Structures are given as structure tokens and as C-alpha cells.
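To start, the structure under review is shown below, and the notes come after it.
The values are calculated or read from the model by the stated rules, or taken from the named source; none is laboratory data. Predicted model only: the values in this text are computed from it and were never measured. Positions of Cβ are generated from backbone atoms using ideal geometry, with glycine treated the same way; all protein chains shown enter the neighbour counts.
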Amino acid sequence: MGAVKLLFVVQRPPYKSENPRLALTHAIASQTAEIYMDDGDSVVPTVVFVGDGVLNMVKGQQAMKIYGVTSTESHIKSSLQVDVPIWICKEDMERLGLKEDQIITDAEDIGGADLTTKFVSFADIQKEMEAVKHLLFF
Amino acid sequence: MGEFTLGVFPSLVGSMSLDFSFKLAEAAIAKGHKVNMWLSGNAVMMAKKGQKAFKDYSHNEKLMKELMGKGMEVTVCEACAEARGYHKEDVPEGMKRASMDWYLAKTVKTDKLLHIGGE
């Protein structure tokens, strides 16, 4: 079967729903899914934040300090660290008045990552939606 | 005959989406397909045996057991279940517990994946 591409599309805002967190933890789980697969098979996830879901990408989240739970920000950075691509929709950022300097772009403060956040257009997302085997809407 | 995987995230009570997931699984099995079901998020409420059926609330345990008897593989997210206080000894007979990588691995071989998101 080889490598199977998955696109996790996150539409929900952070902390109102468990969905964004579950999207990220499921995507990260691709790192250990091989124990259930045949040799040579793998899953290749990408996580894209669209609609109100782009609010998950705002940096400086204080969930641990205020509520004692891991922030969505730390899950996003952990995803980058394990080479899960993180995309954010430029049009939806613009709609909410978000600038690139307000967005989580790297994992430097937790040890660094090879990947950085990719700012993409809706057209790019649509193209990816057509290219992957499975779409998972969160 | 194909293989169909359902990723199911809605809660047992609050919407009919979980009920719909089981109805869809039932229809797929009736057509001869192999069905896998991943229960995560609030859908892990299904991982508690002995739920009482009231007419005012959704109750899917009976149908789930029937479908498992017909070969449906049901696995529940272990972390989501433990976070809600549903432990290994609470799980209905035949249901498995695993980490999220089980679901990811199923996406490789399955012909169709339908992800039914939570609230």
C-alpha cells in the first residue's frame, strides 16, 4: 500500500471543543501507527486550520497557567517537532484580522523543529483535499 | 465487499450523530462490507457496559453488540476513556481499547473512511 496521505481539517476554535486537540493528537499518533501496519506502509498526515479553527494558531496561549491543561499551542509545536506539517488558511486569518506575527510558526522554545507553519491559500488547501486518500474534519 | 472504517467522535447523549453512526454501520454490514469503528472523544461513552435503556435517551449498546456479533471491529480510544473514568473493566465484551495509532493504521487498508466529528 505504501504511504497514505491524510488531511486533518480543523474548523473549530480552541478550548470550546475537544476537536482541535483530538485532530493534533491523532495526527501525532501517525508516528507510532506502524506497529499496526504491514512493512512498508505508513500514514502521512497534514493538519490544516481553516475557518474559526485558525484561532488555534494564535501564539502565547496560557492554558497550562490558567487551567492546568496542556495548551493547543504546545500540541501544535509538538506536531511540528515530529514532522507533521501545519498549515493555516491565509484568507481566514485575514477575515479575523490575524497577522503572521501573531501566529505560532515554529517550535524553537521547546527544542526546535525542522518544519515551520505554512501560510496557504484556500486554493492550496482545496488542491490538497483532492490529493489525499482520506479527509478528517475536526 | 469492501472495508469501511468509521471514526466516531460525538457523545451518546446530546445529538443523534452517534445513533447515525451505528445505523450506517448496520447498513454497510447488511450490504456485506467489513466495518471497523473507532470511538474517540465523547463517543467513548460507549465504553461503559450496563447502560440502562430509557426511551428519552439514545441507547446503542444492544445494536453495537449485534453488529460486533456480525464481525464489526470496535476499538475505543484508551486515553479518552481513561480521562473520563471509563476503565478496562468497564468495557463491553468484545470491544478493544487502543491508542490513536490504531485508527491511523486503519486508514491505510480501508477502502472508505468516514470521520463523524464530535461536538
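Kindly indicate whether any position in region B:98-117 is assigned to a helix (DSSP H, G or I) and more than 9 Å from every other protein chain (Cβ to nearest Cβ).
Residues of region B:98-117 assigned to a helix (DSSP H, G or I): B:101-109.
Now drop any that are not more than 9 Å from every other protein chain (Cβ to nearest Cβ), which leaves none.
There is no residue in region B:98-117 that is assigned to a helix (DSSP H, G or I) and more than 9 Å from every other protein chain (Cβ to nearest Cβ).
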Of the numbered conditions (1) away from chain A (no Cβ under 14 Å); (2) part of a loop (DSSP other than H, G, I, E, B), residue B:15 satisfies every one except a single condition; which is it?
(1)
Given (1) in a helix (DSSP H, G or I); (2) more than 12 Å from the chain's Cα centre (by Cα); (3) away from chain B (no Cβ under 12 Å), index of the condition residue A:35 fails:
(3)
Filter region B:46-77 down to the residues that are among the acidic types (Asp, Glu) and at pLDDT below 95 and list them by number.
B:56, B:61
For region A:89-100, pairs from a residue that is crowded, with 18+ Cβ neighbours inside 10 Å to a residue that is aliphatic (A, V, I, L, M) and in a loop (DSSP other than H, G, I, E, B), with Cβ under 7 Å and 6 or more apart or across chains, are A:89/A:50; A:92/A:50
Within region A:38-78, restricting attention to residues that are in a helix (DSSP H, G or I) and without any contact (Cβ under 8 Å) to a residue 24 or more places away in the chain, which residue is nearest to the other protein chains (Cβ to nearest Cβ)?
A:67
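Across region B:18-33, what is the total count of residues that are on the phi < 0 side of the Ramachandran plot and either in contact with a Cys (Cβ under 6 Å, 6 or more places away or on another chain) or in a loop (DSSP other than H, G, I, E, B) (or both)?
2
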